[in-house]
Structures are given as structure tokens and as C-alpha cells.
Amino acid sequence: MDIRSQFPILEQQVYGHPLVYFDNAATTQKPLSVIETLRRYYTTINSNIHRGAHFLAAKATDEYEQTRRTVQHFIGARHSHEIVFTRGTTESINLVASSFGERYLGEGDEVVVSGMEHHSNIVPWQLACGRKGARLRVIPFGDDGVLDLEAFRSLLNEHTRIVAVTHVSNTLGTVNPVREIVDIAHSRGVPVLVDGAQAISHMAVDVQAIGCDFYCFSGHKMYGPMGVGVMYGREEILEELPPYQGGGEMIKDVSFEVTTYNELPFKFEAGTPSVGDVLGLDTAIGFMQDLGLDNIASHERELTEYATRRLMEVDGLRVYGTAPMKTSVLSFLIGSSHPYDVGTLLDKLGIAVRTGHHCTQPVMTRYGIPGTVRASFAIYNTKDEVDCLVNALQRIAPMLA
Ligand code: PMP
């Protein structure tokens, strides 16, 4: 398959230069097949799901529920009702923090997160802790961006109620040993949530092999539409959690006196979901499976190794995040320049990178820097584009000194 031709957005010029899109950790571009699914949904089957007795409602419901099974198999879940559709990783984590916090957190309890979490795996827990008088404990990481597992072990105690860690750091690219983290936590009887936002499009994920209790991700970071995400939760634990939001579909019976809740997964899917986007997620998964998860991973590994080597040719460039296990995220600074200046100059040359704290302010505090320039790769990126970035950096580096 000619991959780039599947992504018309990449064909354009920006300020007279061919677009080089290196902001994939923020969101990936969408292949034609996903765009076509959205068009087909709105031109042929748009309807509200589950409640309707007519042809379109039945068809939309069938395809929506089929996507649940697609996701189940994609991440190796035991049951399709362990897959809950949300708006994205942020909503998935908020759901767990809110419901789990409501049920299990109390005064003096502790929630363990890592020092490299995205704000969306910090703030929901802070809010939950604040409501219940619990507190956050933080796993530190070394200069290379590797989590300190010894420190993690010593953080676990009789007050620990849950561990929430990212599978892959969106700033450092570190792939965390989630299986080991789960084993350590489970040996103390503590459940684990894994934030999979930055892992899901870069490697094969099997939630049963990881052994985690929750796994959260967003469709838009895996070639799918914005507006859809997934919260996977183990059946046994989901059964015990109270609903997150109240509304249509999540109930069995409602009276003014008492309401009983629907079964899984509907208990957690209040209101009308973004049906077309869910169907688009199904197509995005098909796109990735057609390419092969291993092929995607090896292309991106090669590109990351190449880019890391070539970036070293730029005077004064420092990379943040040098863990041996990394995905395709490269965070860097040049000399004493501000990341925003680098990003702006690159933009004028048609190169899209992200600058700033990447919603991981504690990581910046850890290194004592205001932010980084982040280039992140996807399956459609090429070595020519990396060369283009390196040439541009060499061109602008003297202006930054
Ligand atoms: N976690 C990580 C590691 C992320 O990179 C992101 C997105 N930058 C999120 C959570 C939040 O994802 P979303 O904005 O799609 O909810």
C-alpha cells in the first residue's frame, strides 16, 4: 500500500514548503478509509443507537456494537462488555478516577502516579483525592527518563488504593514496563490503570498479557476520528464501580424514588455517543491491522533511530528522554533557545512540531526547563522528512545562539 497517498492532508504546502507533519503525539492524520466511514455514516445510516425500532437505528446499533468487538479483539480483552466508549483518554481516566475514587478512596488513602504522567492522569486523581482526603504519591524517574522501580516498590503500602501510570510518555517517549508494574502492584493487592494514549498506535497492546485493571486510549491518536476513546476495565472491577454520569441508556428502571442501573458496558455510557466517530475507530483499527502492528513498530523504530542520530549533528542540541525502550517521540532543546522560538521558525519552513510542556509540567520541573521542542513520528513519516528537519535546524541554529 502506498501509505502517503492515503493521507491527502499531507500533500499540501505550508508557507510555500511541503508540509512535514511531526506532531503525531498530539494527533495523527486520518486515512481516506476513515474519512470515507464518516461520510458513509452521515450519508446513509445516521441514527441514534439502541433505542430505535427502525432500520437505520438497528444498522447504526449493529455497527456500533461491532466496533466494541473489534476493540475487544484489538486489545485482547476477555469480554466485549469490558470496552466502554468515551470521548477520549481524558474522559476515560476521569471516569475511572471519579467512580473508583467514589467507591474505594477514603481519608488517608494514597494513589500512586508516575512523575512523567500527562496532566490528564494527574488532575483527575488529584480531584478524586481532594474529595476524599486521600493523597498522591509519585514514582520518580532518572535523567534518562526511566522510572525508578525500586522507589515504586517502596511507595506501595497499606494505604495504596490504585496505581495509575502511562504506558508511553508523551514527552520522553519512554516505554514503561507496565507488565512489571502491574505484577508489583498486584502482589500488594493494588489495581493498576494504564494510560495507553501514546502506546496504542505504536505497538501491539494486549491488556490480558499486561494484566492491568484499566487501559485508556483515544481514537484520534491512532488514525481514527476525534471525539471517541476507550476505557477498558476488567469485568470484576467494573461491576463494583458506581456510574460516572447519569442519563439515558445507563439505567434499567427510573422512578423519582429509585433508579437501577443498566448492565455493563451501558452503565458507563450515559447519553448519545459519537456513533460516527466510533465507526471511524473501527476503520482506523482495520487500517492499522492491514499494515501490521509489527510493521508499524519497526518502521517507526528505524525512523526514530535515524532521527536521533541525525539530530546529534545539530550544534548545541540536547535530547530529553534517552531510555533504551522508546517510541517515536523526540524531545529536544538547542542551546539556551526557547522551544517556542524553534517551533515558530520551523513552522515557517513547513515543519509542524509541538513546543512547550506537552501537558507534563512536572517533567519540565524535573529537568528545570520551560519546555521542549517535540517531534513525533507516525507510519507515514519518512527519512527525507527527518533530513528536512535536520537541515532546517542547522539553518536556524545560528539565529538562536
Ligand atoms: N495521556 C497521554 C500520555 C497523552 O499523550 C494524551 C494526549 N496528549 C492524553 C493522555 C490525553 O488524551 P486526549 O486529549 O485525547 O484525551
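Per-structure values
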| item | result |
| --- | --- |
| Accessible carbon and sulfur surface of the range 34-289 relative to its total accessible area, %, 1.4 Å | 51 |
| Kirkwood Rh in Å, taken over the range 130-169 so that all alpha-carbon pairs contribute | 11.7 |
| Using a Förster distance of 22 Å, the FRET efficiency for E180-E235 (Cβ separation, nearest 0.05) | 0.40 |
| Beta bridges by DSSP in the range 34-289, antiparallel share as percent, to the nearest 5 | 45 |
| Under the span-like rule (Cα at least 20 Å along the axis, Kyte-Doolittle mean at least 0.0), DSSP H helices of the chain | 275-291, 383-400 |
| Once the Cα gyration tensor of the range 34-289 is diagonalised, semi-axes √(5λ) in Å | 32, 23, 14 |
| Net dipole in debye of the chain [+1 Lys, Arg Cβ; -1 Asp, Glu Cβ; about Cα centre; nearest 20] | 580 |
| Projected area averaged over orientations for the range 139-294, convex hull of C-alpha atoms, nm² | 11.4 |
| Estimated translational D of the range 68-164 in µm²/s (Stokes, Kirkwood radius over Cα pairs; 20 °C; 1.002 mPa s) | 146 |
| For the chain: lysine pairs under 25 Å (alpha-carbon distance), excluding those fewer than 8 apart on one chain | 14 |
| Length added when fully stretched, L149-H73, from 0.36 nm per residue minus Cα-Cα | 24.3 nm |
| Gap separating the Cα centres of the range 120-150 and the range 220-289, nearest whole Å | 26 |
| T344 paired with L56, simple spin-label distance in nm, labels 7 Å along Cα-to-beta-carbon | 4.8 |
| Label-point separation, K252 to M1 (7 Å along Cα→Cβ), nm | 4.2 |
| Which of V146, Q289, I237, positive extreme of dipole for the range 34-289 (C-beta unit charges) | Q289 |
| Percent RCO, i.e. relative contact order, over the chain, from Cα pairs under 8 Å lying at least 6 residues apart | 22 |
| Probe 1.4 Å, accessible area per residue of the range 34-289, Å² | 39 |
| Value of Rg to Rh for the range 1-83 (Rh from inverse mean 1/r over Cα pairs, i.e. Kirkwood) | 1.11 |
| Dipole axis of the chain (+1 Lys, Arg; -1 Asp, Glu on Cβ), positive-most option in L279, L156, L330 | L330 |
| Rg/Rg_globular for the range 164-237, with Rg_globular taken as 2.2 N^0.38 Å and Rg from C-alpha atoms | 1.09 |
| Cα gyration tensor of the range 300-401 - equivalent ellipsoid semi-axes, whole Å, descending | 19, 18, 12 |
| Inter-label distance, nm, simple model (7 Å from Cα along the C-beta direction), K383/Q66 | 4.1 |
| Scattering curve values for the range 255-345, log₁₀ I(q)/I(0), Debye with Cα scatterers, q = 0.19, 0.23, 0.26 Å⁻¹ | -0.97, -1.13, -1.27 |
| Reciprocal of mean inverse Cα separation for the range 187-276 (Kirkwood radius, Å) | 15.0 |
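The values are calculated or read from the model by the stated rules, or taken from the named source; none is laboratory data. All of these numbers come straight from a predicted model, not from anything done at the bench. Using ideal geometry, Cβ is built from the backbone for each residue, glycine included, and neighbour counts are taken over all protein chains shown. Side chains included, ligands, DNA and RNA excluded: accessible areas come from the protein's heavy atoms. Shrake-Rupley method; radii C 1.70, N 1.55, O 1.52, S 1.80 Å.
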